[in-house]
Structure formats: structure tokens, C-alpha cells
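Below: the structure, in C-alpha cells.
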Amino acid sequence: MRILAIISGEYGQRHVDNIRAHGPAGWGVQTWRAPAVLPPVIDYPEEYLPDELPPADLVLSFAEHKGVAELLPDIAQLTGAQAVIAAIDNEAWLPRGLARQLRGWLADMNVACATPKPLCSLTETHYRTARRQQSEVSSPLIAEFARHFGRPELAITVDPETGRITAVETKRDAVCGCARYAAERLVGVSADDAGEKAGLLHHHYPCLASMGIDTDYGDTLMHVSGNLLKDNVEEQVKPFKQAQPITPEGLVAPG
């Protein structure tokens, strides 16, 4: 698969580095750095694009400027791309209204588009757009990307006698690499502490999603992202947790 990633800073560069390091050998990943300054409304997109861009099957937009969304239809046309993933890890970079317009513009060109919010909610079949809303993935190109990068999916092995994690396999990494980072540091952690530890590791990586309150979630996208990783870990270690006895106040649980 030929991929063109659009970046404008550290956020996108981290994603590209992780995709190149851990993506399938058959993927070719090239980048285009978007202009640092764009006008509020872009009347002539060609003025801000190079004469040529490398051919691509899938375009990934990791840009940190909302104006780049207005360039994506022209970028898809220049590259011949059949699918676009435009990450929303910060509402300021791709507001919800512009994301709807973008999906419409690209649909008119028969180009599939996913706008996962946050980016690590993407799976092979769907992605989140708000707390109780999700959209389906219909493109095999987007699904193929999401097989490897998107919503964190770990395979955790726990020793039933000790209740400690003995192995963790990263089945699907977050695009930024956070899930793999956490997986490497969860080995040896007790099932009782694994969820909390995963949340701390997510914070320490650190996640680059927005720390401002997002109105679609009533929470920060960083917190939403962290919960996606924690939930995956908690679900797997739950059968191995030690039951904590509940006693009335002032009484001592039998030893």
C-alpha cells in the first residue's frame, strides 16, 4: 500500500515514525509537510500545493491546521488516492463541521474518508465521532491500515497462580506508538494494578491528543484516548483480579 502522510509538526512526525518502524514491509510511506501559514478561507488550493505529489492509495492527514482539510480533495486528486484518514485529536485542527464537509467533498469524488475522533478509536469496521456516535468504515484501504494501527488491542497473558502479567503482544498499536510502549512495560505487573498502570503509561508516553474539554465528549480527548487503552487491558485481566472483601465499617475482614 502506498501512503502519503501530511504533517506539520511533532504530532504527525511521531505517527509517521511509528508507522514506518512497525508497519508491514509492503507499505511505502512518504510525507508532505503542509504550509505553516494558511488563510482562513482557501479559494485556490493549487496555490498552496506542489505541482506534483507522489502517487498514493491512502492519504493520512496529521496536519495541525484546519486549512489543510480544504486541500485534501485536491491532494487526493493529485495522488490518485482512493481513501483518506483525517485524524481529529484536536478540535482546533479539524472542527466537526469541517470534518462533515470534508467527508461530503470526498464522497462526491468517490474517495472514502474516515475522521476518527480521537484517532485511536479507529478499527477495521468503525470509528468514533462523539461519545455515543460512531461511523462505519467502508474502504478496504482504511480497514487494512486499521488492522495495524488505531484502537489499541493487546493480547495479555497472566499467570493464574501469581496473578501477574507474563507476556503482552501488541495486536494493534495506536498510530502514535503508545500501545506498544505500554505493552513493553506491563510485563510483571499484577492484574490488580494493570489498568491503572496502563493509564499512567499512556500519560507518560505522552499522548498528544488535546487536553482541552471537547464538547462532543464532555471530556478531554487525551482522557478518552487513555480510557480506550485502559479498557482493553482491564477487560483481559479482570478474571485474574483478586476479589477484595467488603466489610461493614469498623469490622475486620476474616484473614
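Each value in this text was obtained by applying a stated rule to the coordinates, not by laboratory testing. These numbers come from a predicted model, not from an experiment. Cβ atoms come from the backbone with ideal geometry, glycine included; neighbour counts cover every protein chain shown.
General remarks:
- Projected label distance in nm at H126 and H22, using a 7 Å step from Cα toward the beta-carbon: 2.5 nm
- Local electrostatic count at L201 - Lys and Arg +1, Asp and Glu -1, tallied over other residues with Cβ under 11 Å: +2
- Local electrostatic count, T220, Cβ distance below 15 Å [Lys/Arg +1, Asp/Glu -1]: -1
- Of the peptides 60-71, 152-163, the order by per-residue mean of other Cβ atoms within 10 Å, starting with the highest, comes out as 60-71, 152-163.
- The residues packed around G150, meaning those with a beta-carbon under 10 Å from its beta-carbon, carry a net charge of 0 if Lys and Arg are +1 and Asp and Glu are -1.
- Legend: calculated FRET efficiency, R100 to K238, from the Cβ-Cβ distance at R0 = 45 Å, rounded to 0.05, equals 0.75.
- Looking at the chain, the DSSP beta bridges with both ends there are about 40 percent antiparallel.
- Ranked by how many other Cβ atoms sit within 10 Å of their own Cβ, fewest first, the residues M222, M1 fall in the order M1, M222.
- For Rg and Dmax of the Cα atoms in Å, the value computed from the atomic coordinates appears in the list (i) 22.4, 74; (ii) 19.3, 59; (iii) 20.5, 77 under label (iii).
- Separation of the A155 and E47 label points, Cα + 7 Å toward Cβ, nm: 5.3 nm
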